[in-house]
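Here is the structure we will look at, set down as structure tokens.
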Amino acid sequence: MNQIEIRNLNKVFKTKQHALHALNDVSLTIEKGEMVAIMGTSGSGKTTLLHILGCIDHPSDGSYRLNEMAIEQQSPKALAHIRNRDLGFVMQDFALIDHYSVQKNVLLPLKYMKETKLRKERAARLPALLEKLHIGQKQHEKVMNLSGGQKQRVAIARALINEPDIILADEPTGALDQKTSYEIIQLMRSINQEGKTVIIVTHDPSIAAHCQRIVRIEDGKIIEDGANVV
Ligand SMILES: Nc1ncnc2c1ncn2[C@@H]1O[C@H](COP(=O)(O)OP(=O)(O)OP(=O)(O)O)[C@@H](O)[C@H]1O
Ligand SMILES: [Mg+2]
């Protein structure tokens with residue numbers, strides 16, 4: 001099943017002086033369970049694409065179907081629900097709340113969950129998840145007191161707590177050393193092997209090498225899309 005289906009998508013940012021064509025006629029389909037790297041130089045449109053995939057931003061035109069649902073037809077409330085239930089986002093700038101503890105940041109996505117039993121079950125997994133990401137000892141620490149790499153792992157834990165079907169990660173290893181990057185990519189792979197779709201924006205060829213498919217984007221256009229043959 002095509003979980004993600006984007007057709008002829010454009011994104012134009014209009015400023016006072018000019019219009020910037022950040023995505024130019026992009027079409028992309030991703031099936032459930034794929035692990036995809038999105039690569040490209042700085043400013044090529046990777047984050048813009050990921051924000052649209054994550055229903056955080058809207059395209060200027062073109063269509064986006066997610067799980068066979070036309071995203072452009074959804075109400076803001078429905079989109080908030082989709083984001084919370086189906087998508088886990090690791091932002092390029094982490095987007096954590098600095099004066100909240102690690103625990104409070106990671107549990108935020110559960111706050112809006114109505115099913116009390118499920119919410120409790122997921123919250124109960126917090127210590128194991130933090131342990132897996134090597135930030136177990138920081139559970140009660142405020143995020144502002146953490147290192148860049150630790151913040152990145154808190155952002156990853158927050159994306160995973162809800163067990164979403166799709167993980168969207170924008171440079172998830174950008175601030176990490178080689179060893180920790182390797183651990184993070186192994187974690188992403190194990191999540192993928194559980195059947196989840198993983199989409200990672202990265203500059204790092206050694207991270208992309210772990211993905212089955214690489215999409216290259218340049219000047220807002222997809223210039224290459226294929227299986228990662230090693
Ligand atoms: N809100 C905005 N308003 C105006 N222009 C924007 C906006 N967001 C992004 N852009 C422009 O769109 C282009 C693509 O930006 P984007 O953030 O998608 O790049 P990127 O590939 O993620 O780069 P990087 O690797 O540096 O993160 C850039 O030229 C950027 O300046
Ligand atoms: Mg970016």
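The values are calculated or read from the model by the stated rules, or taken from the named source; none is laboratory data. The structure presented is a predicted model; accordingly, all values stated were derived computationally and were not measured. We place every Cβ from the backbone using ideal geometry, glycine too, and count neighbours over all the protein chains shown. Calculation scope for accessible area: heavy atoms of the full protein, side chains included, ligands and nucleic acids excluded. Shrake-Rupley method; radii C 1.70, N 1.55, O 1.52, S 1.80 Å.
Observations on the model:
- Computed with a 1.4 Å probe over protein heavy atoms only, the accessible area of Glu224 comes to about 100 Å².
- Surface exposure of the chain, expressed per residue as accessible area with a 1.4 Å probe, stands at 51 Å².
- Straight-distance candidates among the lysines for linking to Lys104, with alpha-carbon spacing under 23 Å and chain neighbours fewer than 8 residues away dropped: Lys114, Lys117, Lys120, Lys132, Lys138, Lys142, Lys151.
- Working note: Karplus 6.51/-1.76/1.60 with θ = phi - 60° gives the range 11-23 the couplings 9, 10, 9, 9, 10, 4, 7, 8, 10, 10, 7, 7, 10 Hz, where Gly and Pro are set to x.
- Tensor-based shape of the range 1-101 (alpha-carbon gyration tensor, a/c under 1.5 rounded, otherwise prolate or oblate): rounded
- Approximate shape of the chain as ellipsoid semi-axes (Cα gyration tensor, √5λ), whole Å, largest first: 28, 21, 18
- DSSP bridge orientation in the chain - percent antiparallel, rounded to nearest 5: 60
- Considering only Asn162, Thr29, Gly43, the residue lying farthest towards the positive end of the dipole of the chain is Asn162, judged by Cα position with unit charges set on Cβ.
- By accessible area, using a 1.4 Å probe on protein heavy atoms only, the range 2-227 has 49% of its surface on carbon and sulfur.
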